[in-house]
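Report on one structure; see the data block that follows.
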Amino acid sequence: MSSVFHRIPKRHLPVAVKGDGMFIFDKDGKRYIDGYAGGACVSCLGHSQESVIEAVRDQIRKMAFFHSAMFTSEPMEELASILTTDAPEGLTRAFFTNSGSEAVETAVMMARQYFVEIGQPRRKKVIGRRASYHGAGLTGLGIGYQVARRIPFEEILPSVFHISPCYEYRGRLESETPEQYGLRAANELEQAILGLGPDTVMAFVAETVTGTTNGATPPVPGYFKRIREICDKYGVLLVLDEVFCGLGRTGTLHACEQDGVAPDFLTFAKGIAAGYQPIGATMVNQRVYDAIVSGSGTFKGGYTYSGHATACAAAIAVQKFLRAPGFLDQVKAMGSVLAQRLQDRFAQHPHVGDIRGRGMLMTVELVEDRSTKAPFAASHGLSSRIYQNAQARGLITHALSGTIDGYVGDHVVICPPLIASGEHIETIVGLLGEAIDAALVEVHANAA
């Protein structure tokens, strides 16, 4: 009998005892290939990078922790320097948190405090997007729109206005080019700002490439450039959430590099320390920093473990690894291999409607009818069946439901550690194909 309150108490969980590169081993000796980077797109360097392990050991020997409001530390200062040196234009400061949820909340709190400091206290409204996820706290749940998680808390969530996601597979009209669709989707933000009152809106929050809610959906060309123009026009701060898709995952250090935009806030977490320690970060525009420093002089947020010295030490080692010559070139190359192998395996599959993503962050969306894009009924539990069949075959992946509207639609996210080789990718895609086909056999058998 376990005394743990597990997140999914009814799910039987194997006991993980060892990680080695691309693999996890349970206590019974079964080996699993990691197709989902530590189970949450976290372990970007796999599970046994000795340089990171040594960095953690060395820092603990010196000083594990001291509160960052009383002392700064060499690891915290060095990590901030690394992150700001090659950050998008204007992002000159880094504030450290313990998770992605806290990183997004910090960005929202800083945005609010910025407008209070500069004498625009009416700006307190936030705009998000449907089919998005921005963390498990109440602020993140309110800004995001993962329906199943929101429902129990609807009455206590912050009031946030939501516009449509940039979801080309289901949103673009046949008569539109991708660019025309992107402009139409982005212009919803301007309509929302005008409807809410331009002097009342403080921030627009979006994932550069979506994570799990509707599955690795990249923006179409020009979408975020138009979003940036609209934010600038009305004085709204742009928060890009790259907790899931940032720090090399899409083949460049920052996903927004490929869209040619720089936000006012950029959030990180999963890939910052690769799971070797819990840490997140909020990158902040210099003008926001200056307004707070020259105003009240104190940011009103923060957490006990912000800038935890040992976590920062782990993150430094990971960030140096990501920035090593040729590493991101290899990630980009393997991202192309992953996309091609998924196309080879699923492009003609009768129940795969879309294969999408960017770099080493990809999604396969399942449909009952390819011609109409009709999803499977939620009652079939297709995603759960795929997950179970994958695990039985020794593949760690993430299959989710509610892709379309929070209730129907199934997709699988594939985001292996960035150290994956072509052989690893072949194995992952092969096992995924077996798991999907086995799950579909079960669905059809139950329906017969």
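The values are calculated or read from the model by the stated rules, or taken from the named source; none is laboratory data. Treat the numbers as computed from the prediction; the structure is a model and nothing was measured. Glycine gets a Cβ as well: all are built from the backbone with ideal geometry, and neighbour counts include every protein chain shown. In case anyone asks, the SASA skips ligands and DNA or RNA and just uses the protein heavy atoms, side chains included. Shrake-Rupley method; radii C 1.70, N 1.55, O 1.52, S 1.80 Å.
Scoring Phe66 on the criteria (1) open to solvent by 20 Å² or more (accessible area, probe 1.4 Å); (2) out of contact with any helix residue (DSSP H, G or I) (no Cβ under 9 Å at 6 or more places or on another chain); (3) of a type in the set (A, V, I, L, M, F, W, C) leaves a single failure, condition (2).
Taking the conditions (1) open to solvent by 10 Å² or more (accessible area, probe 1.4 Å); (2) in contact (Cβ under 8 Å) with a residue 24 or more places away in the chain in turn, Glu174 satisfies each one other than (2). When the criteria are applied in full, Gln340 fails the requirement of being over 17 Å from Asn98 (Cα atoms), buried (at least 18 other Cβ atoms within 10 Å of the Cβ) and modelled with pLDDT of 95 or more.
Meeting the requirement of 2 or more residues that are open to solvent by 60 Å² or more (accessible area, probe 1.4 Å), the helices (runs of 4 or more DSSP H) wholly within the stretch 73-169 are 74-85, 100-117, 147-150.
Only one of the numbered conditions (1) outside any loop (DSSP other than H, G, I, E, B); (2) touching a residue at least 24 places away in the same chain (Cβ under 8 Å); (3) among the aliphatic types (A, V, I, L, M) is not met by Leu45, and that is (1).
Looking only at the stretch 350-380, residues that are without any contact (Cβ under 8 Å) to a residue 40 or more places away in the chain and in a loop (DSSP other than H, G, I, E, B) come to 8 in all. Name the single residue that is least open to solvent (accessible area, probe 1.4 Å) among those in the stretch 350-380 being at negative phi and charged (D, E, K, R). Among those that are at negative phi and charged (D, E, K, R), it is Glu365.
Evaluate the following for Gln319: is it within 30 Å of Asp58 (Cβ to Cβ) and open to solvent by 60 Å² or more (accessible area, probe 1.4 Å)? Spelling it out, it is not the case that Gln319 is within 30 Å of Asp58 (Cβ to Cβ) and open to solvent by 60 Å² or more (accessible area, probe 1.4 Å). In the stretch 75-87, the residues that are free of Cβ contacts under 8 Å to residues at least 40 places away in the same chain form Cβ pairs under 9 Å with partners that are open to solvent by less than 60 Å² (accessible area, probe 1.4 Å), at six or more places apart or across chains, as follows: Glu77/Cys312; Ala80/Ala94; Ala80/Phe95; Ala80/Phe96; Ala80/Ala281; Ala80/Gly307; Ala80/Cys312; Ser81/Ala94. Just to verify a result, which residue in the stretch 380-410, among those that are under 19 Å from the mean Cα position of the chain (by Cα) and among the hydrophobic types (A, V, I, L, M, F, W, C), is farthest from Val441 (Cα to Cα)? Looking at the filtered set, the residue picked out is Ile404. Taking the criterion of being touching a helix residue (DSSP H, G or I) at 6+ places or on another chain (Cβ under 8 Å) and β-branched (Val, Ile, Thr), the residues of the stretch 397-427 that qualify are Thr397, Ile404, Val408, Val412, Val413, Ile414, Ile425.
Looking only at the stretch 203-227, residues that are farther than 15 Å from Arg129 by Cα and of a type outside the set (Gly, Ala, Ser) come to 4 in all. Of everything listed in (1) within 21 Å of the chain's Cα centre (by Cα); (2) in contact (Cβ under 8 Å) with a residue 12 or more places away in the chain; (3) more than 25 Å from Ala447 (Cα to Cα), the single unmet condition for Ser336 is (2).
Step by step: first the residues of the stretch 36-63, then only those that are among the hydrophobic types (A, V, I, L, M, F, W, C) and more than 28 Å from the chain's Cα centre (by Cα), then the one that is least open to solvent (accessible area, probe 1.4 Å). Which residue is that?
Met63
Looking at Ile24, Ile60, just one residue is assigned to a helix (DSSP H, G or I), at negative phi and not polar (S, T, N, Q), and that residue is Ile60.
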